[in-house]
Amino acid sequence: MKVTDHITRADGRTLFSFEVLPPKKGENIQTLFSNIEPLMEFKPPFIDVTYHREEYVYRQHPNGLLEKKTVRRRPGTVGICAAIKNRFDVDTVPHLICGGFTKEETENALIDLHFLGIDNVLALRGDPIKSEGRFQPEPDGHSYACDLIGQVADLNKGAYLDEEQDDTWATDFCIGTAGYPEKHFESPSHATDLRYLKHKVDRGAEYIVTQMFFDNEQFFSFERRCREAGITVPIIPGLKPITTKAQLTALPRAFYLNLPDELVDAVHLAPDNAAAREVGIEWCINQSKELMAHGVPVLHYYSMGKSESIRRVAAALF
Ligand code: FAD
């Protein structure tokens, strides 16, 4: 079922969902299942599975020459979505990115997802890989998420890349897109970022999931600006409980976000990581309660490979 249908059916009740990472190469899917299992009691209508593109490594040969090699550390988003769907009878939302994909490869991935009965995709551009300074699309790939959204929307009309449009081949994906309460880091201003977000919705995105934030005022202001700009689709806040002291610097570095002073001070004062985790969980519960009272359709939690803190947050709410 589509994410938007789950929201409609909930009839104003806030739903609980979360995002998982594919296990690292060599790990067993059972590890992932064990992480998901404790969260199933909160009846998530859908679970997102992230996509991790390849990185380049350089291998030195005995003659001194360097060979550029491609490595993927977390492969298998499509297969993992199918496995989770079958194991838990829950809808899954694969993340689909522009980076590393030609349009043809994207089409093939979408055909596979359609065969597997997966009804949703979260369409993203992806970040630059470490060896690139800025995002580089494939020669025949998409530069921005809006173009990827356009390709999925075309497929929903039966318009494949190299064939005559045919309704009988139409897919019916519900397309999600990313939004940034604190602005995407490459955007020169909030207004520019919002204009591009509106464009993504106009091209076919049916709901927005936000980057994580730790100050609800950031979300409320973002939502207000979206509505003023004529964006009417559901906006789902993305949340994450802080679980270690190191995340005070790691999260802003990785996700270009700000942490409120009150939270930073409380985590700093915590004597160890176990105490910092308690601070992070309590902060996240309070954030979640306020967002629920505000009437958000879904609370979406970033697990980043670990579910215990999210289970504690969900247990306090659902
Ligand atoms: P876009 O919407 O394409 O925007 C990228 C930048 O370009 C922005 O600054 C925007 O303002 C600007 N822009 C947009 N459209 C245009 C245009 N037409 N012309 C000029 N400028 C434009 N990354 C992964 O690799 N895998 C994942 O699984 C993943 N999951 C994510 C889930 C969520 C909920 C979020 C919020 C992010 C996720 N990311 C993931 C990270 C995301 O890929 C990066 O933040 C990336 O840098 C931007 O992706 P986007 O889809 O927002 O890009």
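Would you kindly state how much longer the chain becomes between His184 and Ser34 on full extension, computed as 0.36 nm times their sequence separation minus their alpha carbon distance, in nm to one decimal? Mind showing how you got there, number by number?
On the way: separation 150, 0.36 × 150 = 54.00 nm, distance 3.33 nm.
So the extension gain works out to 50.7 nm.
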Name the lysines eligible as straight-distance cross-link partners of Lys198: C-alpha to C-alpha under 18 Å, and not fewer than 8 places from it in the same chain. Lys183
Would you kindly state how much longer the chain becomes between Ala250 and Glu138 on full extension, computed as 0.36 nm times their sequence separation minus their alpha carbon distance, in nm to one decimal? 37.4 nm
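Can you list the DSSP H helices in the chain whose Cα atoms extend at least 30 Å along the helix axis and whose mean Kyte-Doolittle hydropathy is -0.5 or higher? Write down the numbers at each step before the final one.
Numbers: long enough: 273-294 (31 Å, -0.28).
Once both thresholds are applied, what remains is 273-294.
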Loop chymotrypsin sites (Phe, Trp or Tyr not before Pro), segment 177-230 (other Cβ atoms within 10 Å of the site Cβ: 15 or fewer; DSSP): Phe185
Can you give the relative contact order of segment 44-130 as a percent, counting alpha carbon pairs under 8 Å and 6+ residues apart? 32
Given H placed on each backbone N at 1.01 Å, which residues far from Gly179 in sequence or on other chains put an amide H within less than 5 Å of it? Val209, Thr210, Gln211
Starting from the Cα of Lys245, draw a straight line to each of the lysines and keep only those under 17 Å, dropping any in the same chain fewer than 8 residues away. Lys306
What FRET efficiency, computed as 1/(1 + (r/R0)^6) with R0 = 30 Å and r the Cβ-Cβ distance, is obtained for Asn286 and Arg227, rounded to the nearest 0.05? 0.75
For the chain, modelled as a GNM with alpha-carbon contacts under 10 angstrom, which of Gly305, Gly26, Gly230 fluctuates the most? Gly26
Please list, ordered by chain and number, the residues whose modelled amide H lies under 5 Å from the amide H of Cys174; skip anything fewer than 5 residues away on the same chain. Asn120, Val121
Measuring from centroid to centroid over Cα atoms, what is the spacing of segment 1-41 and segment 265-285 in Å? 25
Where does the charge balance sit around Ser309 when Lys and Arg score +1, Asp and Glu -1, over other residues with C-beta under 9 Å from its C-beta? +4
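For the ranges 186-192, 10-16, what's the packing order if you count other beta-carbon atoms within 10 Å of each residue, average per peptide, and put the highest first?
Details: 186-192: 12.1, 10-16: 13.9.
Peptide ranking by packing, descending: 10-16, 186-192.
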Which percent, nearest 5, of DSSP beta bridges in the chain are antiparallel? 20
Listed residues Asp172, Asp261, Asp147; largest mean-square fluctuation, Gaussian network over the chain with Cα springs below 10 Å, found at Asp261
The FRET efficiency for Glu217 and Glu278, from their Cβ-Cβ distance with R0 = 22 Å and rounded to 0.05, is 0.40
Taking R0 as 30 Å and r as the Cβ-Cβ distance between Thr192 and Met1, the FRET efficiency 1/(1 + (r/R0)^6), rounded to the nearest 0.05, comes to 0.30
Normalised by the empirical 2.2 N^0.38 Å for globular proteins, what value does the Cα Rg of segment 3-315 take? 1.02
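Each value in this text was obtained by applying a stated rule to the coordinates, not by laboratory testing. As the structure is a computational prediction, the values presented were derived from the model and not from experiment. FYI the Cβ positions are ideal-geometry reconstructions off the backbone, even for glycines, and counts take in every protein chain you see.
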